[in-house]
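The next block holds one structure in the form of structure tokens; read it before the comments.
The values are calculated or read from the model by the stated rules, or taken from the named source; none is laboratory data. Everything quoted here is computed from the prediction, not taken from an experiment. Methodologically, a virtual Cβ is constructed for each residue, glycine included, from the backbone with ideal geometry; neighbour enumeration extends over all protein chains shown.
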Amino acid sequence: MEQSENFELVNKSEQLISSEGDETLADVEYFLHGTNSLLDAQKIQQEGLSVREGRATVSTDLAHSLSWAMGKNRKYSESDTPRTDNEVGKIFVIKKPADLRIDYGLFTDAAINGTEVTGFPIKYASGRKQLAFYRYDTAKEELARKTKDERAQLTIPAGQIELAITPTKVLAEYVENLSIKTKMFEAVDINKSANELVDLLRLQHANNTSDELSLISRQLVITTIESIVISKLRNLYLDILASKGFGIYENGQQQVRTRDINSLKDEVAELYRQSHEDDFDLGIDWLNGLAKSKTEFLNIELSLPG
């Protein structure tokens, strides 16, 4: 990749660990899985969700799971179930089973070595879109050394599925508005957003109590905001590195990331300004701190040689 004339490329050494900086993942109770196949969705509702241990299968991000259900990520699916071009699937809200833990998937870490970012920087930047189920006695390092077929096939019982949401235009608009505000570091009224989501979910899940829908909706709003901010900050860092001339390699394959350096500087400066205002509040204390510290880091990174 051509190096920006604004920077002198300098060797760096840094480990980019996907789980680092995520303070609340261990406390999350509900996770999301989107499928674009109605046949697969029917099977999941009847038999439960079958997953490969360590493979990224769930997220805490409504926008991401909606994208899967709408078929926008179909090329990444391992399912060979036939489906139509315009098929719309389901978003499953899954309560974490007591006998399993959630962590970032295998092969989601990266490293900066010299003038290259290697490993899995794109998955690293995806953040909480890359979550997986593990047994409590499984060590990720040992699991990563096994072949795909040697890794256990786990089944999340159908009884753990709290909701099966059909994507709608109104839901898509709600998620898009939440995503846009969050990416711009605008304050989100979590209570109001949760109540709006309750109203949307009640249209499809009249048999669930208001308390159940309120509990789920509030967590989905919070975890979606967390997911978007984590991914936003990580992607900005990769964009800065690419702008300085660092090669970005995902599992050995070079990735092309092109951002106008001036627009990148403007965006980071604006996010830094917003996050350091006295009244800045994303509605989540630990995320406020992350946004402030990381935008300061990014702002400094842009001013330094590579």
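Observations on the structure shown:
- Test: residue in segment 161-172 that is basic (Lys, Arg) and either within 30 Å of Ser293 (Cβ to Cβ) or touching a residue at least 40 places away in the same chain (Cβ under 8 Å) (or both): no
- Restricted to segment 254-292, and to residues there that are part of a helix (DSSP H, G or I), touching a Ser or Thr at 6+ places or on another chain (Cβ under 9 Å) and hydroxyl-bearing (Ser, Thr, Tyr), the residue that is farthest from Ala110 (Cα to Cα) is Ser275.
- The residues of segment 178-205 that are touching a Ser or Thr at 6+ places or on another chain (Cβ under 9 Å) and of a type in the set (S, T, N, Q), listed by number, are Ser179, Thr182, Ser193, Asn195, Gln204.
- Search result, residues across segment 30-76 that are at pLDDT 95 or above, assigned to a loop (DSSP other than H, G, I, E, B) and hydrophobic (A, V, I, L, M, F, W, C): Ala56
- Close contacts from segment 53-78, counting a first residue that is over 14 Å from Leu171 (Cβ atoms) and basic (Lys, Arg) and a second that is at pLDDT below 95 and not in a helix (DSSP H, G or I), with Cβ to Cβ under 6 Å and a gap of 6+ residues or different chains, come to Arg74/Asn36.
- When segment 255-278 is limited to residues that are exposed (fewer than 13 other Cβ atoms within 10 Å of the Cβ) and in contact (Cβ under 8 Å) with a residue 12 or more places away in the chain, the one that is nearest to Ile122 (Cα to Cα) turns out to be Val256.
- Residue tally, condition buried (at least 18 other Cβ atoms within 10 Å of the Cβ) and part of a loop (DSSP other than H, G, I, E, B), over segment 173-202: 2
- Filter result (surrounded by 13 or more Cβ atoms within 10 Å (Cβ to Cβ), farther than 15 Å from Val58 by Cβ and in contact (Cβ under 8 Å) with a residue 60 or more places away in the chain) within segment 145-159: Arg151, Ala152, Ala158
- Matching residues, segment 159-172, being part of a helix (DSSP H, G or I) and in contact with a strand residue (DSSP E or B) (Cβ under 6 Å, 6 or more places away or on another chain): Gln160
- Scanning segment 187-233 for residues that are in contact with a strand residue (DSSP E or B) (Cβ under 7 Å, 6 or more places away or on another chain) and of a type in the set (Gly, Ala, Ser) yields a single hit, Ser227.
- Scanning segment 114-131 for residues that are at pLDDT below 95 and either crowded, with 21+ Cβ neighbours inside 10 Å or not β-branched (Val, Ile, Thr) (or both) returns a single hit, Gly114.
- For Thr108, the requirement of being of a type in the set (Val, Ile, Thr), within 23 Å of Asp149 (Cβ to Cβ) and modelled with pLDDT under 95 is not met.
- Failed item, numbered, when Ser243 is tested on (1) surrounded by fewer than 20 Cβ atoms within 10 Å (Cβ to Cβ); (2) over 21 Å from Ala291 (Cα atoms); (3) at pLDDT below 95: (1)
- Looking only at segment 3-25, and only at residues there that are modelled with pLDDT under 95, of a type in the set (Gly, Ala, Ser) and at negative phi, the one that is surrounded by the most Cβ atoms within 10 Å (Cβ to Cβ): Ser4
- Within segment 280-291, the set of residues being more than 17 Å from Glu20 (Cβ to Cβ), surrounded by fewer than 19 Cβ atoms within 10 Å (Cβ to Cβ) and touching a residue at least 12 places away in the same chain (Cβ under 8 Å) comprises Phe280, Asp281, Gly283, Asn288.
- Total residues in segment 203-234 satisfying the condition of being surrounded by fewer than 16 Cβ atoms within 10 Å (Cβ to Cβ) and assigned to a helix (DSSP H, G or I): the figure is 3.
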